[in-house]
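Since the structure comes first, as structure tokens, the remarks are kept for the end.
Derivation of every value follows stated rules applied to the coordinates shown; laboratory data play no part. From a predicted model like this one, the values you see are computed outputs, not experimental measurements. Note that each Cβ is placed from the backbone with ideal geometry, even for glycine, and that neighbours are counted across all protein chains shown.
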Amino acid sequence: MSSLSLPAASNAASHAARHRPSRVLVVFALFVAALALLPVGFVIGVGIDTGWATVQALIFRPRVGELLVNTFWLIALAVPASVALGTSLAWLTERTSLPGRRLWAVLAVAPLAIPAFVQSYAWVSVLPAFNGLPAAVFIAVLAYFPFIYMPVAAVLRRLDPSLEDVAASLGTPPWRIFFRVILPQLRLALCGGALLVALHLLAEYGLFVMIRFDTFTTAIYDQFQSTFSGPAANMLAGVLALCCLALLLLETAARGKARYARVGSGTARKQQRRALGRWSCGLGLLLAACTVALSFGTPIAVLGRWLWLGGFDNWHRADLWLSLRQTLFLAVCGALITTAFAIPTAWLSVRHPRRVFRLLEGCNYITSALPGIVVALALVTVTIHYARPIYQTEVTLFLAWLLMFMPRALINLRAGIAQAPVELEQVAQSLGTSPGRALVSVTLRLAAPGASTAAALVFLGVSTELTATLLLSPLGTRTLATGFWALTSEIDYVAAAPYALLMILISLPLTGLLYKQSQKLSGL
């Protein structure tokens, strides 16, 4: 396979300039990283004001040790289970002849539209005694495995099967081909997806409260809601941020600096889907059906009972349809803004994997591990003192979502950009195209499936986000998530059912369209 020959640079200076990152992109990435550190600065500032003696008393106590143990076991069990389930479903729907694979692909993403607290309440309604670590791991895997499925499926659609053919021609069994050829090429997507799952486990609140499983986030909320102890809650948030930092370092070491794209003569041929035998097909259908039934069917069944009890009159609420319109508008704007802000950081992380750019990328993950209430309180404090004109406006709300959901966009953009060969950018620049224009016209077009997935994930996150929306939204703003939470807080589950069902329904057309678009852009 012959490699692509690049035009020689006129001199060493111009050659170095082509490989130097755009200053505009670097400045933009620095700005976004600085914004991402605002909540962390808020936590540190509270710690400084509190004093070292009080900090020691609040951190070095048995309660913190108990929360650390709970967090360790939750991540150690839920993340590998999510990776195994998400990767298996991605392989079945993208690389095999599984019957109904297009439908299974859409349904595998649909659980993202179900807020975690709705998922948890559904299972508590079915099994009231279901609580503790087993319940936390089980429900967390059902709620978050799509974070693994989506990036892995996107990469599987783009992989060139030539390497698999070579391995097969040498007599390598199919299972060894998967572990030795395919799995290494999925490393970036797997590491990113696993990081997302772990960060959500650190920040989740509603899911664990309903099953009575204590985490740092539930403890932080207890401090704020019961005793209004700001220092104690913020010290717990500081420990949570350190846990996030440890995960970032682990993910950075795991993904390495391997190359995930190649340029050669011709184009990658279309992938041939593997035919499944009778037993393999049956097991594949059983896995897909059980996963969808548990993660999607159970919440739908519980909501169906609420809807049946409420009847048609339950839909005749002006607040319900106002919430739907505002949710759609805010989610679309939030998805576009967050994805656009993530592009420079993702591009620098993949094209220039230097330590400084990975550090900038890591800054965006730290905030996502903090509970939404900490992010919201930090923005309230900053806007009141330094930016009062945007206090309690849509700007502050979009900023909170940007900080909270940036990792969703970064992970998928990073995987998509990694699949776009850097040589094509260099060819475009050698022909006189500016770095920014080459990024838009070449790389982003090839990375469009990853960008679409990033926007979809942010959309789903914004449309179901609760805590920051409650604290930061302007007067009169009511989303489906906040409407559902307000009614369930009043124990009016019948009236809350339409809000939850609409949150689920608005995701299904979106995920279906994104799947078809990604198939088209992948040339499949």
### Message
Which order do the peptides 205-215, 337-347, 94-104 come out in when sorted by mean C-beta neighbours inside 10 angstrom, highest first?
### Response
337-347, 205-215, 94-104
### Task
Report the calculated FRET efficiency for Val126 and Val64 (r = Cβ-Cβ distance, R0 = 35 Å), to the nearest 0.05.
0.60
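Filter the trypsin sites (Lys or Arg not before Pro) in the range 351-402 to those in DSSP coil with at most 13 other Cβ atoms within 10 Å of their Cβ, and list the result. Mind dumping the intermediate values first?
Working: sites: Arg351, Arg354, Arg355, Arg358; in loops: Arg354.
Qualifying residues, ordered by number: Arg354.
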### Query
Say each of Val332 and Ala318 gets a label point 7 Å from the Cα, pointing the same way as Cα to Cβ; how far apart are those two points in nm?
2.4
## Note on the structure
Given 307-320, 387-400, the highest-first ranking by average Cβ count within 10 Å works out to 387-400, 307-320
#### Entry: Placed amide H near Arg274: partners under 5 Å, 5+ positions off or other chain
Thr96, Ser97
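Grab the other residues whose beta carbon is less than 11 angstrom from that of Ala136, score K and R as +1, D and E as -1, and report the net. List each step's numbers first, then the result.
On the way: positive: Arg212; negative: Glu204, Asp214.
That works out to -1.
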### Task
Mind giving me the nanometre distance, one decimal, between the label points for Tyr386 and Ala84, set 7 Å out from Cα along Cα→Cβ?
4.6
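Please list 43-56, 470-483, 446-459 highest first by mean number of surrounding beta-carbon atoms within 10 Å per residue. Present the calculation step by step, with values, prior to reporting the outcome.
Numbers: 43-56: 13.9, 470-483: 19.0, 446-459: 25.3.
Those peptides, ordered most packed to least, come out 446-459, 470-483, 43-56.
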